[in-house]
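The values are calculated or read from the model by the stated rules, or taken from the named source; none is laboratory data. Predicted model only: the values in this text are computed from it and were never measured. Positions of Cβ are generated from backbone atoms using ideal geometry, with glycine treated the same way; all protein chains shown enter the neighbour counts.
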Amino acid sequence: MRISYDEGNMKKLIYSILVVAATGLMTAQRTPSNPAGTVTPPVAKKIHSENHIHGGALVDDYGWLREKSNPEVAAYLEAENAYTDAIMKPSELLQKKLYDEMVSHIKETDVNVPYKEGDHFYYSRWVAGKQYPILGRKREGLGAPEQITMDVNELAKGEKFMALGAYDVSDDGNLLAYSTDNTGFRQYRLHVRDLRTGKDLPDTAEKTGSMAWASDSQTLFYTVEDPAKRQYRLYRHKLGTDAKSDELVYEEKDERFNIGASRSRSRKYIFLTSASHTTSEVRYLDAAIPTGEWKLIAPREQEVEYYADHLGDRFYIRANDKGRNFRLVSAPIGDPGKKNWKEVVPARDDVMLSGFEPFQDFYVLFEREKGLPQLTIVDLATGAKQRISFPEPVYTASPQINREFKTMFFRYAYQSLVTPPSVLDYDLEKHRSKLLKQNEVPGGYDASKYKSERVWAIARDGAKVPISVIYRKDLKKEDGSNPLYVYGYGS
């Protein structure tokens, strides 16, 4: 999985919102030398350049601004910053007021819901005054002593920037493969930490992306990027050896495609997926035989996407070969080619199959119907379906971290315009959800005072456009005289 804690830092996000919101409202201060209070923005110089591609010429007069080592680029950025400071100067008190109010509604010391993987429960926690999370685990039960696996605050010491990328524990629970970016350029360096000692091993690799452990907990597969930041090569690394001797397993030659390595939920297979925006193909390897042969499920077809996971003696494959909304098929592991695909869930015009997650005794379909996400659980033995019900007409719901393959619980996240982010477990035997945590909103927020609705507008072409509405229940006027904040998005 990939997590960028710096990008998700709430305080930086709030500041960015304030800058954007206030810039259009403020004017520069009037001074004797500047009675009009005007500030002249810097103007980047133009250096004509052209890229010739596909028989045409693409003009880019500002391409020189990509030259990080060019002192003129740094000077221009400093001028932009000075201009921003001047424009924003009159709003400093308002900025602080808004910032303080937003921060007052954030619980800064907090911990997320632990998830079980192997013999441990893993979690992240935050401490007020610290910018980054602390990742930890407890063996066997939540009452056990804490072992800190990663304190990102320690990683960030002496750095201008820090983001944690991959975070993947080996099958035996002893080793942690993780990656860090200290440049802000999404350029990640791979590290391996021995969790028994808390010390990092000398094993490292540069400009990495995805990674996956083999079953032996000694072999690590990882991808690297090319100069255009495209993940294009897969390497196999044996612990204790120099990265220079790592074997190149696969190289994606087509510049339209990125590659990614992942582990099946059953942990039995490693997948290598090559994907462009409209086309994909998947290779697989027995995780217990890291030096074995990588095999192809089905060769790529232009404009056809498919993605795979493993369950029992078959691969389950989500594909859009029979409809743009995807269908679910299964295929025997021994010969998973397209000729052997057996349809499990057909493609439907009114339902998008956006994801799929297998467990030992059931699987979960992630669907979108009438614009709303749906979670449908299917019993493998009987085929019986359970669709998780949600209490509000407008919401988002998505799978949470589910690392246990043999279980009768499915963990998911839920939130709405009224309900703060929540984590729940769905009990397949009792057919009901249990709330594990709902984010606390300090400052007296009372969800019972608000109501959300979903209404529809008819576009000029007859298409129905969903509109989510939230308001206080004590709203008196419904004659259109109340102020309204409208946010629209389309793509």
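Quick test for you: out of Arg283, Arg233, Arg267, pick the one residue that is among the basic types (Lys, Arg), touching a strand residue (DSSP E or B) at 6+ places or on another chain (Cβ under 7 Å) and within 16 Å of Asp309 (Cα to Cα).
Working: Arg233 fails: within 16 Å of Asp309 (Cα to Cα); Arg267 fails: touching a strand residue (DSSP E or B) at 6+ places or on another chain (Cβ under 7 Å).
Just a single option satisfies the conditions, and that option is Arg283.
Yes/no per residue for (1) buried (at least 16 other Cβ atoms within 10 Å of the Cβ); (2) touching a Pro at 6+ places or on another chain (Cβ under 7 Å); (3) at pLDDT below 95:
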residue: Asp60; (1), (2), (3): no, no, yes
residue: Ala79; (1), (2), (3): no, yes, no
residue: Val111; (1), (2), (3): no, no, no
residue: Gly129; (1), (2), (3): no, no, yes
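Please work out which residue is farthest from Thr219 (Cα to Cα), limiting yourself to the range 170-197 and to residues that are among the hydrophobic types (A, V, I, L, M, F, W, C) and touching a residue at least 12 places away in the same chain (Cβ under 8 Å).
So in the range 170-197, the residues among the hydrophobic types (A, V, I, L, M, F, W, C) come out as 175-177, 185, 190, 192, 195.
With the extra rule that they be touching a residue at least 12 places away in the same chain (Cβ under 8 Å), the set shrinks to 175-177, 190, 192, 195.
Values: Leu175: 11, Leu176: 12, Ala177: 11, Leu190: 14, Val192: 11, Leu195: 16 Å.
It comes out as Leu195.
Quick check on Asn325: is it crowded, with 17+ Cβ neighbours inside 10 Å, closer than 18 Å to Val304 by Cβ and not aromatic (Phe, Trp, Tyr)? Spell out the reasoning first.
Values: crowded, with 17+ Cβ neighbours inside 10 Å: yes; closer than 18 Å to Val304 by Cβ: yes; not aromatic (Phe, Trp, Tyr): yes.
Yes; evaluated as a whole, the condition is true for this residue.
When the range 310-365 is examined, which residues are found to be in a loop (DSSP other than H, G, I, E, B) and closer than 17 Å to Tyr284 by Cα? Let's see the steps before the verdict.
Initial filter on the range 310-365 (in a loop (DSSP other than H, G, I, E, B)): 312-313, 320-326, 333-337, 341, 346-350, 359-361.
The answer is Gly312, Asp313, Ile333, Gly334, Asp335, Pro336, Gly337, Trp341.
Could you name every one of the strands (runs of 3 or more DSSP E) located completely within the range 402-471 that has at least 1 residues being surrounded by 14 or more Cβ atoms within 10 Å (Cβ to Cβ) and either without any contact (Cβ under 8 Å) to a residue 24 or more places away in the chain or of a type in the set (Val, Ile, Thr) (or both)? Spell out the reasoning first.
Values: elements: 409-415, 422-427, 432-438, 450-458.
Where strands (runs of 3 or more DSSP E) fall fully within the range 402-471 and carry at least 1 residues being surrounded by 14 or more Cβ atoms within 10 Å (Cβ to Cβ) and either without any contact (Cβ under 8 Å) to a residue 24 or more places away in the chain or of a type in the set (Val, Ile, Thr) (or both), they are 409-415, 422-427, 432-438.
Find all pairs meeting these conditions: Cβ atoms under 6 angstrom apart; at least six residues apart or on different chains; first residue within the range 341-365 and within 11 Å of Ala319 (Cα to Cα); second residue modelled with pLDDT of 95 or more and surrounded by fewer than 17 Cβ atoms within 10 Å (Cβ to Cβ).
Ala347/Lys322; Ala347/Gly323; Ser354/Arg368
Tell me whether the range 472-486 contains one or more residues that are part of a strand (DSSP E or B) and surrounded by 12 or more Cβ atoms within 10 Å (Cβ to Cβ). Reasoning before the result, please.
First, pick out the residues of the range 472-486 that are part of a strand (DSSP E or B): 472.
Now restrict to residues that are surrounded by 12 or more Cβ atoms within 10 Å (Cβ to Cβ): none.
Scanning the range 472-486 turns up no residue that is part of a strand (DSSP E or B) and surrounded by 12 or more Cβ atoms within 10 Å (Cβ to Cβ).
Condition first: of a type in the set (S, T, N, Q) and in a strand (DSSP E or B). Now tell me which residues in the range 374-395 satisfy that.
Gln374, Thr376, Gln386
Of all residues in the range 377-415, how many are basic (Lys, Arg) and closer than 19 Å to Gly118 by Cβ? Working first, answer last.
Keep residues of the range 377-415 that are basic (Lys, Arg), which gives 385, 387, 403, 406, 411.
Of the ones still in play, those that are also closer than 19 Å to Gly118 by Cβ are 403, 406, 411.
Selection size over the range 377-415: 3.
Regarding the range 124-131, can at least one residue be identified that is within 20 Å of the chain's Cα centre (by Cα) and basic (Lys, Arg)?
Of the residues in the range 124-131, the ones within 20 Å of the chain's Cα centre (by Cα) are 124-126, 131.
Next, from what is left, pick out any that are basic (Lys, Arg): 125.
Looking through the range 124-131, at least one residue is within 20 Å of the chain's Cα centre (by Cα) and basic (Lys, Arg).
With respect to Ser210, is the statement that it is in contact with a Phe, Trp or Tyr (Cβ under 6 Å, 6 or more places away or on another chain), within 25 Å of Tyr188 (Cβ to Cβ), hydroxyl-bearing (Ser, Thr, Tyr) and assigned to a strand (DSSP E or B) true?
Values: in contact with a Phe, Trp or Tyr (Cβ under 6 Å, 6 or more places away or on another chain): no; within 25 Å of Tyr188 (Cβ to Cβ): yes; hydroxyl-bearing (Ser, Thr, Tyr): yes; assigned to a strand (DSSP E or B): yes.
Against the criterion (in contact with a Phe, Trp or Tyr (Cβ under 6 Å, 6 or more places away or on another chain), within 25 Å of Tyr188 (Cβ to Cβ), hydroxyl-bearing (Ser, Thr, Tyr) and assigned to a strand (DSSP E or B)), Ser210 does not qualify.
Show me the strands (runs of 3 or more DSSP E) found entirely inside the range 95-141 where at least 2 residues are of a type in the set (D, E, K, R). Quick ask: steps written out before the conclusion?
Numbers: elements: 115-117, 120-126, 134-139.
So the answer is 115-117, 134-139.
Which residues, counting only those in the range 104-150, are under 19 Å from Arg189 (Cα atoms) and in contact with a Gly (Cβ under 9 Å, 6 or more places away or on another chain)?
Thr149, Met150
Being charged (D, E, K, R) and within 19 Å of Tyr445 (Cβ to Cβ) is the filter here; which residues of the range 93-108 pass it? Let's see the steps before the verdict.
Of the range 93-108, the ones charged (D, E, K, R) are 96-97, 100-101, 107-108.
Across the range 93-108, the qualifying residues are Lys97, Asp100, Glu101, Lys107, Glu108.
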